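Enquirer: Dropping the structure in here first, questions after.
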Amino acid sequence: MPLQTVLAVIVLWLAIALLGIAFARNLRIVAKILFPLGAAGALVLAAAGFAATLGGTASLVLPLGLPDLPFHLRIDALSGFFLLLLGSVSAGVSVFASGYLRPGEGNAPGLQCLYYHVFLASMALVLVANDAYAFMVFWETMALSSYFLVVSDHAKAEIRSAGFLYILIAHVGAVAILLCFGVLQGGTGDYSFDAMRKVALTPFWGTIAFALALAGFGAKAGIVPLHVWLPEAHPAAPSPASALMSAVMLKTAVYGFLRVMFDLMGTQIWWWGVIVLAVGLATALYGVIFSAVQSDMKRLLAWSSIENIGFIFAGAGLAITFRAYEMRSLAALALTAMLYHSLNHGFFKSLLFLATGSVLHATRERSLGKLGGLIHRMPWVAWLALVGTLAIAGVPPLNGFVSEWLLLQAFLFTPGLPQNYLNMFIPVATAVVVLAAALAGYVMVKFYGVVFLGRPREEKLVDAHDAGPWEKAGLLWLAAGCVILGLLPVSVIDVIDQVNRQLLGQGLGNSSNWLFLAPIKPERSSYSPLLFLAVVALVVLATWYLVRHFYHGRVRRGPAWDCGFPFQTARMQDSAEGFGQPVRQVFEPFFRMRRELPSPEDRAPRYRVTVEDHLWHWLYLPIGRVTEFASTLVNKLQQGRISVYLLYSFLTLIVLLFLVR
Amino acid sequence: MLTIAGIAAQLTELMLAVLLAPLFTGWVNMCRAWMQNKSAPPLLTPYRVLLKLFNKEPVLAQNASPLFRITPYIIFGCMCLAAAIVPTLDINLPFNAAADAIALVGLFALARVFMSLAAMDIGTAFGTLGARREMMIGFLAEPALLMVLFTASLISGSTSLSSIVGQLGRMELMIYPSLAFAGVAFTMVSLAENARIPVDNPATHLELTMIHEAMLLEYSGRHLALMEWAASLKLFAYSCIGIALFVPFGIADGGNWLGILISLPVLAVKLAAGGFLLALIESVSAKMRIFRAPEFLGTAFLLAVLAMLIHFLLES
């Protein structure tokens, strides 16, 4: 039944997409009817995904596609979990989008509705595809529909080039995935996933398939060094689209990687996990360090997505290594951590992207250095964004902390691996996780403090208005998700455990009661967010009451003191660049930095610092130059005279005749 | 786990921590004054300061948001929970299961995030400067602190603080080289986290060098009192973590009142010695430039990593 429900939702979304074209210029119908309808469909999809994690697998053959090559679909716990993520996150995003669409921004609302819902439908189809052909078709549909969302505001040149970079890397990744499936079918010529599950690859071909899967899905997920498209494409898209891309589309890549590594491929080698772990940790650190020096709020969030993808891949790496050594309960712990983090990231990242969308609409400003003090003007957005900020900063009792906690536990459990070196270095590698997590706190304080706190840095911010009811509802839904996922980890892990059982044959189990999260053994480690919150809240209330009771509740308002300095202006607050300065200094080797410092005598001083990615200059520009050089060589063949082209045809014919003779 | 006796013991410990924390701060100030050949302020001065601040009327900046006003309460609540989950008098306390060593670090991070946000709320130059520096110290100190706690938890096979302390307390009295390294690293981290010399100076009046104090500049009255009290509680909690990890002897195990009664004077002696040591460190070292702090905390981090490696090489 869940599979039929999923298909029904997909049909609904496609119908909404078509209706969007029919009412292309009618904002009322598109925003107030079609998008909420899509959100309702998303909720049904989430319910179907949840049901799929509980029930067994179901499969279906859809007589579409090429003759003799129908689409095979299948739903199981793994796809159910990601459908749950897709449905629950996109419900909030769609509701938000109802209030977000404005006339005169980018494409016509109906077109946006088309791309948006085709994007949603293709993501759902990717999650239920059960053969390589269907998977690739849906995967490409997803890439193309999201490309059109990215270039929605295509009048701007930088948005077009961001879209180009995105589609380029998406296709490099897609080629790798295609080749990976080619290896996985193992010479049988049967590209259905059911056939691939039966193939036993040799370690050599297994390694090739692993490398292709890591590169292909990694390109979509944004692991270093294939991350460059992410900070360009996410800010370019309208906010609901950035939210979906960051929160859900990156997770389809995670899903694909898990599907290949844990389901389709029978071969397992321990050092694959080590490579994934190393790549994941490098990605996490790289992402968060760059995130700290950004001064565009959406770009900052995009880099932070790279960091979170790094955490997710680090967890996957640990799970692969543990499984290769048949330590299934520990593999379940690592897998739980990464799946939990995927879900968490879906919620808090979409919440923050949407909040930046509201800020963008209210102020027309994306640069951190021109915002500030919005907590007074837009209290709803500010307080809901605070939930997302705390969640992503990884502080208890919200959801980001739970998955970080699980990931750290997985790292700490490594002693016991048969490899001595791994035993020693994986706990030390924990330091990278902790450093990245602590830096994430820094980044989020910068983001929230500069945008919402302090005093408005520009005059026009005084007119900023709070979000409308639809936007508030969407934000509220996602913020509630962050809180619930943070407070009830045991129930969430019960759902994730179904995925563990499917992929590993063993669940994590919780050895304590519903109040305490205690994987493996309660005396080893336990954490209870509800008790945590209860104690802090009780102390806060008791203190508040006692202070009022024994002293007084009087308060006087006056000008800010600032050590008695009377001439303070809003420009004296830290700018985004100023707040990032410690990170620029401490992690200097990571950046390609150019500073322009004015001399002391300069009458019109200009201070400028540009921070760029080394990898762009070391990897991408050389490849670009080589490609350009090769194309000039090829260009020499084209003389523009018909006689030359006829000569080519003639020579080709001669060569072919010679060959087939 | 959640028995009446357990909760009673837990509340006793929490109340003791809340009430004694300013006394500990007073003791450290007293020792420092002695060492610097000054006449020492009375031991009870911190209480008088708190009393005075509670009675005063707080002055809020005109553009202070509600976030600014609730932050002192939240930070005070965080520090109370921190003091409650660190095993000071007894190991078997009910709140111990609510948060382990990782959650303890998360708890300090929560307090730090709120304090920095509140410092940025008014929008003054010094506030944002303090917030930025505090977050920098935070991301440098947090990995080192967790590596210290991880070393201890690898030795005891658990991240739960009560299991760690129980395990370490039951061990035969022998020197663990890994714990020695971890101890040095922990001392360095605690100096940084509690805004002590050489990273920050709690007694400074020079705004440009401030970290912690710069964030409190806009606070007054009861809000400032709660912030100060929370800072004392943080120092107290850190000292108790140090005691619990590195000199865990004499902490009661099993939740009987007699054990708690015995462990109370033991704790007092250990805290007095710890406070003296802190004052000594503060008196013999000079405040560093802010950008020397990464080197200082990097050293602490390396020592903690060494401790972990030594544990693997020599002790397992």
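The values are calculated or read from the model by the stated rules, or taken from the named source; none is laboratory data. Since this is a predicted model, take the numbers as computed values, not measurements. Because the Cβ atoms are built from the backbone with ideal geometry, glycine has one as well, and the counts that use them run over all protein chains shown. Just so you know, the surface numbers come from the protein's heavy atoms only, side chains and all, with ligands and any DNA or RNA stripped out. Shrake-Rupley method; radii C 1.70, N 1.55, O 1.52, S 1.80 Å.
Enquirer: Could you grab me the full set of residues in region A:561-579 that are open to solvent by less than 70 Å² (accessible area, probe 1.4 Å) and either among the aromatic types (F, W, Y) or within 16 Å of B:I211 (Cα to Cα) (or both)?
Expert: A:D562, A:C563, A:Q573, A:D574, A:G578, A:F579
Enquirer: Provide a single number: the residues in region A:450-476 that are more than 9 Å from chain B (Cβ to nearest Cβ), in a helix (DSSP H, G or I) and within 27 Å of the chain's Cα centre (by Cα).
Expert: Here the count works out to 9.
Enquirer: Among the residues of region A:544-562, is any more than 7 Å from chain B (Cβ to nearest Cβ), under 26 Å from B:E57 (Cα atoms) and of a type in the set (A, V, I, L, M)? Talk me through it step by step, then tell me what you get.
Expert: From region A:544-562, those more than 7 Å from chain B (Cβ to nearest Cβ) are A:545-546, A:548-550, A:552-553; that's our starting set.
In the following step, the residues that additionally are under 26 Å from B:E57 (Cα atoms) were identified as A:545-546, A:548-550, A:552-553.
Next, only the ones that are of a type in the set (A, V, I, L, M) stay: A:546.
Checked region A:544-562: at least one residue is more than 7 Å from chain B (Cβ to nearest Cβ), under 26 Å from B:E57 (Cα atoms) and of a type in the set (A, V, I, L, M).
Enquirer: Evaluate the following for B:L2: is it assigned to a helix (DSSP H, G or I) and either at pLDDT below 95 or farther than 30 Å from A:A385 by Cβ (or both)?
Expert: Answer is no for this residue.
Enquirer: To continue, here is another question. Give me the pairs: first residue in region A:394-417 and more than 9 Å from chain B (Cβ to nearest Cβ), second residue in a loop (DSSP other than H, G, I, E, B), beta-carbon distance under 6 Å, and six or more apart or on different chains, which are they?
Expert: A:G400/A:G394
Enquirer: Could you check region A:385-410 and list, in sequence order, the residues that are open to solvent by 10 Å² or more (accessible area, probe 1.4 Å) and either touching a Pro at 6+ places or on another chain (Cβ under 6 Å) or not assigned by TED's automatic domain parsing to the domain that holds A:S329 (or both)?
Expert: Hit for region A:385-410 is A:P397, nothing else.
Enquirer: State the number of residues belonging to region A:411-446 that are surrounded by 20 or more Cβ atoms within 10 Å (Cβ to Cβ) and aromatic (F, W, Y).
Expert: Of the residues in that region, 3 qualify.
Enquirer: Further question on the same structure: Based on this model, can you work out whether B:M215 counts as part of a helix (DSSP H, G or I), facing chain A (nearest Cβ under 10 Å) and not small (G, A, S)? Spell out how you get there, then give the answer.
Expert: On the way: part of a helix (DSSP H, G or I): yes; facing chain A (nearest Cβ under 10 Å): no; not small (G, A, S): yes.
So B:M215 fails the test.
Enquirer: Just checking: which of the helices (runs of 4 or more DSSP H) contained wholly in region B:25-137 hold 3 or more residues that are at the interface with another protein chain (Cβ under 9 Å from one of its Cβ atoms)?
Expert: Working: elements: B:45-55, B:66-85, B:101-121.
By residue number, B:66-85, B:101-121.
Enquirer: Can you give me the number of residues within region B:137-157 that are more than 17 Å from the chain's Cα centre (by Cα) and buried (at least 24 other Cβ atoms within 10 Å of the Cβ)? Don't jump to the end; show me each part of the working.
Expert: Step one: of region B:137-157, the residues more than 17 Å from the chain's Cα centre (by Cα) are B:150-157.
Narrowing the set further to residues that are buried (at least 24 other Cβ atoms within 10 Å of the Cβ) leaves B:150-153.
Total satisfying the criteria: 4.
Enquirer: Follow-up question, since we're still on this one. Which residue out of A:P622, A:P566, A:P600, A:P605 is at pLDDT below 90 and over 30 Å from B:M135 (Cβ atoms)? Give the steps one after another, and end with the answer.
Expert: On the way: A:P622 fails: at pLDDT below 90; A:P566 fails: over 30 Å from B:M135 (Cβ atoms); A:P605 fails: over 30 Å from B:M135 (Cβ atoms).
Sole residue among the options that is at pLDDT below 90 and over 30 Å from B:M135 (Cβ atoms): A:P600.
Enquirer: Based on this model, can you work out whether A:L541 counts as under 29 Å from B:I74 (Cβ atoms) and outside any helix (DSSP H, G or I)?
Expert: On the way: under 29 Å from B:I74 (Cβ atoms): yes; outside any helix (DSSP H, G or I): no.
Answer is no for this residue.
Enquirer: Does region A:357-370 hold any residues that are surrounded by fewer than 24 Cβ atoms within 10 Å (Cβ to Cβ) and either within 12 Å of another protein chain (Cβ to nearest Cβ) or not acidic (D, E) (or both), and which are they? Before you say what the answer is, go through the steps one by one.
Expert: If we filter region A:357-370 for residues that are surrounded by fewer than 24 Cβ atoms within 10 Å (Cβ to Cβ), which is where we start, we get A:360-367, A:369-370.
Scanning region A:357-370 gives A:L360, A:H361, A:A362, A:T363, A:R364, A:R366, A:S367, A:G369, A:K370.
Enquirer: Shifting gears a bit: If I ask for residues that are facing chain B (nearest Cβ under 8 Å) and in a helix (DSSP H, G or I), which ones from region A:512-537 would you list?
Expert: Hits for region A:512-537 are A:L531, A:F532, A:V535, A:V536, A:A537.
Enquirer: Which residue out of A:A17, A:A39 is in contact (Cβ under 8 Å) with a residue 40 or more places away in the chain and out of contact with any Ser or Thr (no Cβ under 7 Å at 6 or more places or on another chain)?
Expert: Numbers: A:A39 fails: out of contact with any Ser or Thr (no Cβ under 7 Å at 6 or more places or on another chain).
It is A:A17.
Enquirer: Give me the residue from region A:24-58 that is among the β-branched types (V, I, T) and at pLDDT below 90 and, out of that set, most open to solvent (accessible area, probe 1.4 Å).
Expert: Narrowing region A:24-58 to residues among the β-branched types (V, I, T): A:29-30, A:33, A:44, A:53, A:57.
Pick out the ones that are also at pLDDT below 90 and you get A:29-30, A:57.
Details: A:I29: 43, A:V30: 0, A:T57: 84 Å².
That would be A:T57.
Enquirer: Tell me whether region B:218-226 contains one or more residues that are open to solvent by less than 50 Å² (accessible area, probe 1.4 Å) and more than 30 Å from B:G123 (Cα to Cα). Walk me through how you get there before you give the answer.
Expert: Initially, region B:218-226 is screened for residues open to solvent by less than 50 Å² (accessible area, probe 1.4 Å), giving B:218-226.
Those left that are additionally more than 30 Å from B:G123 (Cα to Cα): none.
Within region B:218-226, not a single residue is open to solvent by less than 50 Å² (accessible area, probe 1.4 Å) and more than 30 Å from B:G123 (Cα to Cα).
Enquirer: Name the pairs: first residue in region A:92-108 and within 13 Å of A:H361 (Cα to Cα) and not assigned by TED's automatic domain parsing to the domain that holds A:S242, second residue in a helix (DSSP H, G or I) and open to solvent by 10 Å² or more (accessible area, probe 1.4 Å), Cβ to Cβ under 8 Å, at least 6 apart or on different chains?
Expert: Close Cβ pairs satisfying both conditions: none exist.
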